[in-house]
Each structure stands twice: as C-alpha cells, then as structure tokens.
1. Mean residue ellipticity at 222 nm from the helices of chain C, using -39,500 (n - 2.57) per DSSP H segment of n ≥ 4 over the full residue count, to the nearest 500 deg cm²/dmol?
2. By how many degrees, between 0 and 90 and to the nearest 10, does the Cα long axis of helix C:68-77 differ from the longest principal axis of chain C?
3. Residue A:290 to residue B:123: FRET efficiency via 1/(1 + (r/R0)^6), r the Cβ-Cβ distance, R0 60 Å, to the nearest 0.05?
4. Shielding by partners for C:171-184, please: the mean number of other protein chain Cβ atoms within 10 Å of each residue's Cβ.
5. Cα centroid distance between the range A:166-184 and the range C:46-80, in Å?
6. Report the full-extension gain for the segment residue B:204 to residue B:323: residue separation times 0.36 nm, less the Cα-Cα distance, to one decimal in nm.
7. Between residue B:244 and residue C:150, what is the FRET efficiency for a Förster distance of 30 Å, r being their Cβ-Cβ separation, to the nearest 0.05?
8. Label points 7 Å out from Cα along the Cβ direction at residue C:68 and residue C:240: separation in nm?
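Derivation of every value follows stated rules applied to the coordinates shown; laboratory data play no part. Please read all numbers here as calculations on a predicted model, not as lab measurements. Don't worry about glycine lacking a Cβ; one is built from the backbone with ideal geometry, like all the others, and counts go over all protein chains shown.
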C-alpha cells in the first residue's frame with residue numbers, strides 16, 4: 001500500500017485491494033449507501049460522494065476532511081449496494097488507510113493502534129495480565145502454554161473479553177457453559193494477540209498482518225480441532241482474512257458452537273428467565289462478509305425457559321450497528337462532536353419500543369456500549385443488557 | 001567549607017519559591033548531621049531584600065546582577081560556576097524544577113560532581129549523606145549515598161514541610177560579584193507569557209474531580225463534569241489530559257500546573273506519579289479510583305477503590321443527586 | 001537546521017516493577033524497554049521544525065537490545081538518519097551520565113545545530129541526559145520547553161513554569177533543549193510505512209565505550225514505596241463503592 005497522489009491512482013488501488021474491488025467502476029450513484037449509513041448525514045463524503053469525487057478526479061478534498069472516521073464499518077452500505085461494490089472493506093478502509101498514512105487520525109484511535117502494536121491488545125494493558133480473569137474463578141480454564149495438551153476447542157477470548165471488567169463477566173459465563181457441556185477447551189492467555197479486525201477495517205492493514213502472523217504462529221504450536229471465538233470480529237478475521245495470508249484454521253463463533261449443542265443445553269437449562277428478549281444482530285455475524293448468521297442465536301434464546309423473543313424494527317440484515325466497529329469503539333468523542341447522536345442509543349430506544357426487558361447481544365463491544373446507552377437514555381428501569389452467554393449461564397442449573 | 005551545605009534559592013518574579021524552603025529544611029537537616037553550616041545561594045536582580053526570608057540558613061550569599069533578574073540558564077550557570085570555583089560545599093541542593101535542573105546538571109558536569117535525583121529525603125549516618133529517591137513514576141524508591149567531596153542533589157517536594165524553613169532570622173549576608181561576563185551568556189530571557197486567567201482558578205476550589213489517563217476518551221470527561229457540578233466542585237486533571245487538549249492548562253494539577261490544597265480530591269484514573277502529586281501539597285480527603293492496585297496514589301490516598309472509573313462516575317453522580325434531593 | 005534527537009530506553013511502567021532480591025536492583029527479566037515518552041515528544045518537535053524550516057533530523061540511541069523497531073519508526077515518521085551505539089553493559093541499564101558521555105562522544109563533531117531531548121526520563125537517578133550532554137559538549141541548555149521556534153539564526157524555547165506561566169528564552173545554537181511537551185502530541189505512523197523503513201532504511205552503527213557509573217551517586221538498593229498507612233480500600237462493585245462514597249462524603253461534610 002502506498003500513499004496515493006491522484007484520484008485515478010486511488011481508484012486503481014481500491015480496485016486491487018479486495019476481491020471484486022473493481023466493481024467500484026459500476027457505481028450508478030444511486031445513493032442507497034449514503035442513505036442507509038447511520039452516519040451518512042454527517043459525513044462530508046459518504047460512500048456515494050467518495051466515488052463521485054474520485055471519478056471527477058478530486059482526491060484532495062476527500063483526504064482533507066476527517067469525517068471518514070464516522071464510519072463504523074457496519075457493512076450497511078455494502079449490504080445494500082445494487083452494484084455489489086465491496087464498499088466497507090475496499091473503499092472506506094482505503095480512505096482510512098490514506099488518512100493514517102498522513103498521520104491524520106483522532107488521538108483515541110491512535111492510542112488503541114499504538115497499544116495494539118506494543119502490547120498486542122487495544123486497551124494498553126500488560127500482555128502478562130491477559131489471563132488474570134481466570135484467577136479466583138470456580139471454573140478451571142486451561143492455558144495451553146502450561147497444559148500443552150490437545151483440546152477440541154481453542155477458545156479465542158479477545159482483548160475486551162480478557163481485560164474489560166464488564167465483558168469479563170461474559171467471558172466467565174462462557175467458561176461456565178463450556179464446563180457444563182464438558183467441552184475440552186483451552187485458551188492462549190498471555191500469548192494471545194488482538195484479532196486485528198478493527199485495524200484491517202480502520203486502514204491499518206500492516207498492523208493487522210503483523211498480529212495475524214503472531215497469532216498464526218502461536219495457533220500452530222497447539223493441537224486443537226477448531227477455534228471458537230467470543231467475538232464476531234475475531235470470527236470474521238479468522239474465517240475470511242487469515243486464509244488470504246495463508247493461515248487456515250476452522251473457526252466458529254460461540255453462538256454457532258452453542259447452537260450445535262442446543263439439545264444438550266436445553267436439558268441443562270432449568271432456571272426460568274421470564275422476560276421478553278430482543279436480540280441485537282451484530283454486524284460481524286450478520287452483514288459482514290455475507291455471514292448472515294441470524295437463526296442460531298435466536299434459537300438459543302428461545303431455548304431458554306421462559307424467554308420470549310421479540311423483534312426490533314431493524315433486525316437481521318437491517319440491524320443498526322452499536323457503533324463499535326472499524327475503530328468506532330474509540331471514536332465516540334469524535335462522533336459525538338460531529339453528529340451529536342449515538343447509534344447505540346437509537347438501538348436501546350428501539351428495544352424498549354419493541355417491549356423488550358432484556359437486550360441480548362453476542363459481541364464484546366456491545367455490552368459496554370449498550371450499558372452506557374441504557375443510562376444515557378434513562379431506561380435503566382426498563383431494560384438490561386445481557387450477552388447470550390450470560391443468559392444461558394444463568395439458566396444452567398447450579 | 002568541607003562539611004557545608006549550599007542551597008540554590010529559586011525566585012520567580014520577586015518571590016522565593018516553595019521548593020527553596022523545602023531545600024532549606026532538607027539542607028538544615030544534612031548540615032546538622034555533618035556538623036557544618038547551611039548557606040543559601042541567592043542569584044537575581046535586586047534580590048538583596050529577600051535575604052531576610054532565608055532565616056533558616058546560617059548564611060546567605062547574594063549575587064545581584066541585572067542579567068540574573070529573570071531566570072536565564074546560561075547566565076545563572078556562569079555565576080554559580082564562579083562561586084563554586086572559589087570553594088564548593090559538601091552538598092549542593094537544587095530544585096527539581098524549570099529553574100533548578102538546568103543548573104544542577106550543568107554545574108555538576110563542569111566540576112565532575114556526582115549527581116543524585118530526584119531526592120525526597122536525606123539522612124546523615126556515620127558521616128555519609130544518604131538519600132531516598134523516587135523513581136519509575138513513583139513505583140520504586142531508590143536508596144543511595146551522595147559521595148563527596150561535593151555532591152549535587154536535585155530535590156523534589158514532599159519530603160520536608162516548607163513551612164519549617166519559613167522562619168525569620170538574621171543569617172550572615174555576603175555579596176559576591178560574578179567574575180565571568182554575564183553578557184556573554186548564550187541564553188537570554190526575552191519575556192514572560194502570562195497564563196490564561198479567563199478560566200476558573202482551581203487552587204481556590206475546595207472540591208476537585210480530577211481525571212487522568214483512566215478516563216479513556218475525551219467524551220467521558222462530560223460525565224466527570226456532571227459529577228463535579230452535582231458536588232458543587234470543578235473538574236481538574238493530570239498532565240496527559242491537558243497535553244491531548246481535552247482540558248485547558250488552567251485545569252492542570254501538578255508540576256507545571258496549579259498547586260492545590262482541596263477539601264475533597266477525587267482522583268479518577270490517576271496513577272499518582274510524582275509530577276502530579278507535586279501539585280497536591282495537602283488535602284483533607286483524597287479518594288483514588290484506579291483499577292491498578294499498585295498505583296502509587298494508593299500509598300497516600302485516604303480512600304481507594306479499584307473499580308472502573310467509567311462505571312463509577314454515573315452511579316456516584318446519581319447517588320449524589322439523590323442525596324442532595 | 002540539523003537536529004539530533006537522543007532516545008533513551010526506559011522501563012515501561014505498564015509492566016509491574018519488580019526488585020531482584022539478589023542484586024537489590026530492578027528485575028529486568030520481564031522488563032519491557034520503551035523509548036522515553038518525552039524523547040518521543042522531542043522527536044515530534046524536531047520533525048515539526050524540519051517541516052517548517054527544512055534541514056535534517058537524526059535519532060541516536062544506545063543499543064540496549066531491542067531498539068531497531070523504534071529507530072525505524074522514527075525514520076518512517078520523517079527522521080533522515082538513525083544511529084545506534086553498541087557497547088558493553090548497555091542492556092543492564094545505563095546512568096544518565098554514562099548515556100550523556102557516550103552521546104557526547106558520538107555528537108562531538110558538531111554537525112548538529114540543535115539537540116532536542118526529553119527534559120527528563122522516568123528512570124533518571126542522576127540528573128537528565130539532555131542537561132548533562134549540553135555540559136559535556138560545552139553548549140547551552142534550556143529545559144522544560146514546550147515549544148521551540150527558529151528566530152534569526154537562534155532559537156527561542158518556551159520554558160514552562162508552575163501555574164501555567166511561560167517564559168521565552170532565546171538560545172544561541174548549537175544548543176540542547178530539554179522538551180517537556182511538543183507543540184502537538186507525537187504523530188502516528190502506519191505499520192506499513194515502518195515495514196518499508198525496515199526494508200529500505202539503514203541504521204548507522206557505532207561502537208561505544210563500556211558504560212560506567214561515574215558521575216552518578218551510589219545506589220545501595222531499591223524497594224517499593226512503604227506500605228505505610230495507605231488508602232482505606234473500599235470493596236465491592238461500582239454500585240457498592242458509590243454507595244459507600246456518598247456515606248463518606250456526608251461524614252466529611254462535603255454532602
């Protein structure tokens with residue numbers, strides 16, 4: 001990747017950057033992308049305008065603005081484009097990459113990138129503390145470097161699930177479920193590096209490749225049948241991006257894994273929930289890379305005794321992003337200043353309107369983001385945010 | 001001379017700075033242990049009158065020269081070098097400040113005097129000068145010996161109460177003239193730039209809600225402001241927040257910012273590095289919230305809780321508002 | 001202007017600081033060494049000056065073992081030259097004096113108009129490298145600067161005093177300026193540009209004398225701060241803590 005000098009050079013670079021990238025030339029300027037984009041209204045150059053500008057030979061105005069950082073890589077545009085242009089992974093991440101080349105990036109995202117480079121995690125904590133969540137815990141969590149035994153499942157935990165206090169609760173719930181199912185599993189702990197999905201979508205392809213090569217080398221040290229991820233972002237990189245670098249590992253998101261064990265889970269889940277639950281489709285399981293994994297998480301929720309599934313207005317392919325992707329997790333201050341709105345808040349209002357008492361999620365960025373939105377929209381008495389893993393773990397007997 | 005202690009007195013715009021008194025208190029203790037005398041070295045322009053404030057010292061050497069009126073590193077270094085050439089003490093104390101460090105290292109290197117920094121406290125045992133230095137962001141204390149015949153110590157605040165040295169007295173005052181041509185100094189003071197006084201003066205606010213790196217993103221500062229408003233206080237911060245431009249310099253507590261003595265200091269996501277703690281000479285209640293259980297601030301805080309700052313702030317704001325009714 | 005930026009590698013405070021009981025010094029087994037934060041600011045200020053006035057920027061460091069990446073990163077940001085000095089004892093930790101001596105040896109040919117160094121480093125126990133370096137080179141030093149501008153053949157450094165007061169100090173070059181903060185926070189450089197630098201750029205290597213202990217006071221031991229009284233810790237989750245704090249604030253007459 002090089003710093004481009006002209007609009008034409010940029011178009012060529014985008015065409016070559018991802019599969020089907022050359023479809024960018026088929027854009028009919030319908031504007032569906034800009035319309036469906038949750039932040040389209042505040043971008044100086046939403047996707048349609050980026051393409052129009054490039055076709056007009058105008059590169060500089062595009063790169064002089066910083067509104068590209070409003071893009072949260074939610075794939076809404078990619079999903080709706082009639083010309084099937086890979087807008088999110090191809091065009092938008094390329095614009096972000098050019099900004100990064102010019103060292104033009106909001107500070108908070110810069111810190112996350114620097115932390116990932118230095119410590120292998122975006123939170124800036126010592127890698128030696130990555131498995132601290134396993135201490136003082138009723139479930140024994142094998143760390144593969146210590147046990148060195150073959151396992152069925154290499155459980156890829158992730159940055160936020162390892163270090164963030166709220167998300168650690170989800171991680172422990174997941175461990176409880178694995179124990180109840182008798183899954184043979186292990187984690188990497190301190191050897192685990194960030195999955196890098198954020199970086200590859202936020203324009204830091206080099207950082208992504210660096211972390212991927214470290215992870216792949218570590219995976220190769222151990223014997224396992226598949227990788228199961230807590231995070232849809234990790235699911236995406238291992239399934240769709242790692243193979244492009246020559247790293248092939250079978251992978252499932254934990255929702256797919258639990259779904260495969262649903263009959264067994266059904267017999268183990270005895271505690272009643274008695275609540276209306278709305279499920280938020282994460283971009284990573286849904287629109288991203290045409291994964292379209294919508295049914296399995298819903299069936300898991302419906303299997304919980306007493307749970308009543310309700311649907312929000314936007315669901316499945318039209319699900320509204322929590323705002324955490326593509327670097328968005330670190331750009332809330334930036335987005336707030338530009339747009340004065342939070343997608344996570346829209347989502348909570350939708351969930352409340354649908355009559356939900358619980359908003360069920362399946363991605364580690366979502367729990368803290370929606371928790372905040374529940375508070376900022378003053379709906380703490382109406383709705384609570386729970387990861388599917390937490391709901392299942394709570395339903396398990398004992 | 002052999003067992004004497006000298007203190008480089010710092011002045012800023014006609015006032016003796018607080019670190020000077022800390023050094024006098026330290027110097028007095030060292031001189032006593034050595035059985036020597038304490039000399040205050042006062043460089044400046046029209047500063048003779050300040051000698052009366054230095055009663056803690058046994059003697060004061062004044063070098064009064066227009067070129068020394070405002071701190072001018074090279075000129076001050078020339079004048080000090082001239083003094084030291086005539087006979088240097090057993091220990092020479094400098095402040096760990098914008099006016100002290102420039103001189104300490106320059107002088108030490110010129111004469112080959114060993115340097116110890118940043119020293120918080122001293123002891124004299126068996127004729128040796130022992131010191132305690134705070135390093136690695138406050139996480140480690142290094143103990144050492146200041147060797148002779150002349151050792152330079154760069155002193156940080158906190159080990160001695162400056163008030164102890166704010167005594168009257170009639171030290172012996174002698175004047176010295178610089179031998180070097182101070183006009184040949186390679187640095188020149190041009191002008192002061194006054195701080196922006198349009199914002200609130202946090203040193204006058206009794207309740208401070210202070211944010212550090214642990215606040216994460218700029219947007220989270222709004223929540224801290226809400227908490228401050230609920231408590232009837234103001235927001236302040238440590239250095240990284242100001243360097244990012246998230247809060248103005250007027251809100252900085254610490255070495256280059258304000259020195260505060262609040263009734264309540266709520267330190268949110270602040271580790272308590274020496275540079276920050278320099279801005280907190282005293283407080284009534286200091287509550288530290290930091291998930292790093294080893295953060296140095298816990299050594300001095302009144303209360304602490306290792307919970308996530310971003311989780312605590314909204315809950316605390318809610319409960320404070322409820323309590324106020 | 002030709003600017004040199006010395007980089008000091010210091011312990012990363014993100015990791016736990018542990019004392020090796022057999023030596024009484026810092027346990028370096030798990031210690032991560034990173035460029036001193038204020039030296040990163042010095043580099044940023046140097047690059048800003050280069051962008052404004054032209055000239056060159058060289059970074060120079062003692063080889064403490066794992067320095068190449070930081071040097072290539074500096075080149076990727078815009079530095080023209082990277083120099084590492086290899087010698088005995090550097091990896092075990094070097095005093096500010098030894099550092100300044102070795103740098104002075106490498107920089108004494110006077111090809112630099114300006115040297116920008118961080119005004120202090122987290123592990124300094126014997127003064128700051130910049131100030132000592134200036135003395136050893138026989139050139140002036142101004143520390144605690146937050147801005148450096150060129151002014152008719154000289155430079156003007158803005159020195160920071162407490163309370164937000166600043167002072168402009170004019171300095172004749174060559175000189176060393178101690179940087180407290182650059183005009184802007186250190187810039188980001190993408191990994192791909194650093195990788196490019198690793199392929200295309202070359203790090204100049206020099207030999208340095210063994211690192212000595214002259215000039216520093218003798219350190220007899222290291223320890224964690226006294227447990228002392230310490231804070232009264234409040235247990236529980238955020239909610240419980242908030243509840244207890246309200247009680248404490250009422251007791252203290254704040255509420």
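1. The helix-only estimate for chain C comes to -9000 deg cm²/dmol at 222 nm.
2. Approximately 70 degrees, to the nearest 10.
3. On the way: r = 72 Å, r/R0 = 1.20.
Using R0 = 60 Å, I get an efficiency of 0.25.
4. Details: counts 5, 5, 1, 1, 4, 0, 0, 4, 0, 6, 4, 1, 0, 2.
That average works out to 2.
5. Measuring centre to centre over Cα atoms gives 47 Å.
6. Working: separation 119, 0.36 × 119 = 42.84 nm, distance 2.50 nm.
Stretched out fully, the residue B:204 to residue B:323 stretch lengthens by 40.3 nm.
7. Working: r = 26 Å, r/R0 = 0.88.
So the FRET efficiency works out to roughly 0.70.
8. 5.1
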